[in-house]
Amino acid sequence: MPRQIKAAGDALRDSIEQACSSFELAMANQDKDYVRALHGQAKHMEPGVDARRVKRLFAKHRRSFRLGTDINPANIKPVLRLATDDNEWSEMFMVVRALWSMPYNKGYGRRLRFVVWDDHHGAVIGIIGLQSPPADLSCRDQLFAYPEKLKLNSVNCTMDAYAVGAVPPYSFLLGGKLCAGMIATDPVRQAYWRQYAAKRTVMLDQDIRQPLAAVTTTSAFGRSSMYNRLRHGDRVLAEPIGYTLGYGTLHLEHLYGQIRAFLEMTGDYNHGGFGAGPKVRWQNITNVLQKLGLSGSLLQHGVKREVFLFRLVDDLETGMAGGGFGKPLRLAPKDFGSYWRERWAQPRAERFPAWNQGNAVELIEQTLMQIRAH
């Protein structure tokens, strides 16, 4: 009924204006905890999280999550395990991804998911999730001279890391830096080749160009301690290339359920799927702003996230300009693992000898228990 639609629209408008006002105040006070809390609310409302299944999978793989007292930093041996839709690594990936404060998504377009596994202790260290890159990313696009009208073809030689990090107790040893550095290792390029060689894109029906030449990623909150100064010897692995422009739906994600309900009432909700276009959530949120007479400037939340580039070939610029890419920049997981142990893990353990005293498994379980079923 028109009266019900108007009432719902008025309530939603008030919620959006209040959310924007509260977020602006939090940013003025540099309150990152407020942002994390918003992420948590959005995650609980996200249909992609099956809370009951995640908890069952954690119980199934509980022995793969270890106590700090079980771990000897000098013996950590990281390897990458590819998570496919039908293997145990996919189940472990789902458990770890559910621990993040960032809203859950399965990635989109081309996808590669890895569990970073400690082969010595038989334990999950963390995860790496890669997906198709954003078509437009200003600080990345300023680096390259794309061929005329073929920008997307060049950009599709890259991927974007949307989920990277470590779980306790490895996170207490700067395991996030280990997981981030593993993006640059050989198994990532090799897995991409195996999965996408001779494949074609769905939308444009074009061959997926090889090789995987680079990976971009963006910090969650402004500057990133995990990616900054990430290197292997003299090679910079995560190259800082700038910041995002501070636009997005971060501050409105926790209202998405209310936004969806209103658009379903008006018959304007975009359910996504093939042909619906990219960034369906963005489309729905911008649509509701227009319908409620609110300015699109409300999407400028002001959180400028730091962007990093992982170069995987030695002549990235020529390849992105339409020529040939250089040779792969090789890095074995065992080599980066050794470097990480000596550079970060063991010094950290020495500086903070109580790193392994907490019950890491119980901490993970408690975090999972806080996820509400949708």
- Within the range 293-307, which residues are touching a residue at least 24 places away in the same chain (Cβ under 8 Å), under 14 Å from His251 (Cβ atoms) and not in a loop (DSSP other than H, G, I, E, B)? Leu298, Leu299, Gln300
- Item | Residues within the range 227-255 that are in a helix (DSSP H, G or I) and either surrounded by fewer than 20 Cβ atoms within 10 Å (Cβ to Cβ) or in contact with a Leu (Cβ under 6 Å, 6 or more places away or on another chain) (or both), tallied | 1
- Message: So, restricting to helices (runs of 4 or more DSSP H) that lie completely within the range 322-374, which ones have at least 2 residues that are of a type outside the set (Ser, Thr, Tyr) and in contact with a strand residue (DSSP E or B) (Cβ under 7 Å, 6 or more places away or on another chain)?
- Response: 333-340
- Message: If I filter the range 271-280 for residues that are modelled with pLDDT of 80 or more and either open to solvent by 50 Å² or more (accessible area, probe 1.4 Å) or outside any helix (DSSP H, G or I) (or both), do I get at least one hit?
- Response: no
- Query: Tell me, which residue of the range 111-123 that is in contact with a strand residue (DSSP E or B) (Cβ under 6 Å, 6 or more places away or on another chain) and in a strand (DSSP E or B) is surrounded by the fewest Cβ atoms within 10 Å (Cβ to Cβ)?
  - Reply: Arg111
- Whichever residue in the range 323-343 is in contact (Cβ under 8 Å) with a residue 12 or more places away in the chain and exposed (fewer than 15 other Cβ atoms within 10 Å of the Cβ) and, among such residues, is nearest to Ala145 (Cα to Cα): Lys327
- Query: Which one is farthest from Glu350 (Cα to Cα) among residues in the range 75-98 that are in a helix (DSSP H, G or I) and open to solvent by 50 Å² or more (accessible area, probe 1.4 Å)?
  - Reply: Glu88
- Which is out of contact with any Ser or Thr (no Cβ under 9 Å at 6 or more places or on another chain), more than 30 Å from Glu24 (Cα to Cα) and crowded, with 17+ Cβ neighbours inside 10 Å, of Ala354, Ala349, Ala360? Ala349
- Say we look at the range 60-74 and pick out the residues that are assigned to a helix (DSSP H, G or I) and not hydroxyl-bearing (Ser, Thr, Tyr); which of these is most open to solvent (accessible area, probe 1.4 Å)? Arg63
- With the checklist (1) open to solvent by 70 Å² or more (accessible area, probe 1.4 Å); (2) part of a loop (DSSP other than H, G, I, E, B) in hand, flag the one item Gln290 doesn't pass. (2)
- Message: If I ask for residues that are modelled with pLDDT of 90 or more and within 30 Å of Asp31 (Cα to Cα), which ones from the range 299-335 would you list?
- Response: Glu306, Val307, Phe308, Leu309, Phe310
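The values are calculated or read from the model by the stated rules, or taken from the named source; none is laboratory data. Note that the structure is a prediction, hence the values are computed from the model and not measured. Cβ sites come from the backbone with ideal geometry, for glycine too, and all protein chains shown count toward neighbours. The area values use the complete protein model at the heavy-atom level, side chains included, leaving out ligands, DNA and RNA. Shrake-Rupley method; radii C 1.70, N 1.55, O 1.52, S 1.80 Å.
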